[in-house]
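Report on the structure given below.
Values quoted throughout were computed directly from the atomic coordinates according to the rules given, and no laboratory measurement underlies them. From a predicted model like this one, the values you see are computed outputs, not experimental measurements. Glycine gets a Cβ as well: all are built from the backbone with ideal geometry, and neighbour counts include every protein chain shown.
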Amino acid sequence: MNKRNCIIGQSGGPTVAINASLAGIIQQAKKEGYEHIYGMINGIKGLLENTYMDLEEAIKNDDDLHDLKTSPAMYLGSCRYKLPDQSDDPVFEQLFHKFEELEITDFFYIGGNDSMDTVAKLSEYAKIMNSDIHFIGIPKTIDNDLMGTDHTPGYGSAAKYVASSMLEIAYDSSIYKLKSITIVEIMGRNAGWLTAASALARTAYSDAPDLIYLPEVPFDQEQFLDDIAKVFEKKRSVIIAVSEGIRNKDGNYLDQDSRYVKKDAFGHILHSGTGKVLETICFKRFKCKVRSIELNVLQRCAMHIASETDIEESFMIGSKAVSYAKDHTGVMVVIKRLSNDPYQSEAAIADVSKIANLEHKIPVNWINDAHNDITKELYEYMYPLIQGEVNVRYHNGIPSYINIRHLEK
């Protein structure tokens, strides 16, 4: 049997599920007798700086594997590094020289849209160079905006956190006999999947959020204020879920002119202020107590309330990636939904070049006609993904997560 060595990287924004995929790769690679299992420290950028580690040495036993699987963020660290579009750029030669030096046969990259762009570019360069290395992408993103997969690992747990937080906010807001508006700003630059998950908070005892605004449809400020006025006719406390990336009919973000607006390494606007903009608008109109809450990074690192379904699927596609690497390259492992009741899914693969740099948004027919709520179809799509709880170890009253001190070096 031919010797197999692999190298694994993590990239982009963290989730509670990305380490579960890493754990799945490590476990399966050990089963299949890989000679070396390397981990890039801080993704492709780290590898270019010659920083990597021996994962077999670091994750030695089942306890280590469990702790890795149930720890949030990224054990290997991350980066925001975009490979050049030109294949003659020396960075490709530099990377493939490193692959040759380590005798890499399989390359696994766990990440979101920009990470799949990395997999696609490396796979194309390998064809040019007649390299036999297999390049496999493993999806993750709380935004759920990757094409080709029913949903992305990380989304279910973030959705569970959003729904749980919304329910608790609703309880908090209900105790006073005051007219109030609470605006909860939720991540989602162009896709509203996370904000839509706030609807999962609705129970027999709470109908919050009362209003939901998503970036897939234009935001109308006057209609927004009219919607609030209608809710006030029935109750004294209005709770609103809003995507950070909502835009008006001209395509302009609400916080676009904010003095705090910044961009990331890929040129994406880093939104910070949509809730505050709406808070000011609401106060001017209704002259009541108004507050805005920004969930921000909290929705992507809350392992203590992770979805078991999410973690197990994430582990599964990591494991399957190793099996697919025997005969495939230039693909992303995807999740295929088989049924909703009972919920069942399986792994499959898709051409990564047809996934990278595209966005999976909520179908408009899953948003109500008034553009202030979701439909039953969207609720039923999300509901199975937040089911089950994760067995997190606790020490001294707080979660005990895997040691990541190696990232400080």
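One table, with the values for the structure above:
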item: Backbone HN-Hα couplings from phi across the range 213-219 [Karplus 6.51/-1.76/1.60, Hz, Gly and Pro as x]; result: 10, 10, x, 6, 10, x, 9
item: Span from the the range 6-76 Cα centroid across to the the range 333-409 one, whole angstrom; result: 20 Å
item: Exposure rule at most 10 other beta-carbon atoms within 10 Å, DSSP loop chymotrypsin sites (Phe, Trp or Tyr not before Pro): the chain longest free segment; result: 1-204
item: Rounded if a/c under 1.5, otherwise prolate or oblate - the range 319-409, Cα gyration tensor axes; result: oblate
item: Where labels lie 7 Å past Cα in the beta-carbon direction, separation of residue 379 and residue 398 in nm; result: 3.8 nm
item: Volume per residue of the C-alpha convex hull in the range 1-103, rounded to whole Å³; result: 100 Å³
item: Cα-based equivalent ellipsoid, the range 182-227: semi-axes from gyration tensor eigenvalues, Å; result: 19, 15, 8
item: Surrounding net charge for residue 330, when Lys and Arg each add one and Asp and Glu each subtract one, Cβ distance under 11 Å; result: +1
item: Cα long-axis angle, helix 18-31 against the chain (0 to 90 degrees, to the nearest 10); result: 30 degrees
item: Kirkwood Rh, Cα atoms: Rg over Rh of the range 295-368; result: 1.02
item: DSSP-defined antiparallel bridges as percent of all bridges, the chain, nearest 5; result: 35 percent
item: Beta bridges per DSSP with both ends in the range 1-132, % antiparallel, nearest 5; result: 25 percent
item: All-pairs alpha carbon distance profile, the chain, 10 Å steps from 0, percent; result: 5, 23, 30, 23, 13, 5, 1, 0
item: Exceeding the 20 Å Cα-Cα cut-off - candidates 30/409; 45/98; 177/235; 179/234; 234/376; 249/361; result: 30/409; 234/376
item: Coil-residue trypsin sites (Lys or Arg not before Pro) of the range 1-51, DSSP, other Cβ within 10 Å capped at 11; result: 3
item: For peptides 234-240, 19-25, sequence by mean Cβ density within 10 Å, most packed first; result: 19-25, 234-240
item: In degrees, nearest ten, helix 155-173 long axis to first principal axis of the chain (Cα); result: 30 degrees
item: Crossing angle, helix 274-286 versus the chain [Cα axis fit, 0-90 degrees, rounded to tens]; result: 0 degrees
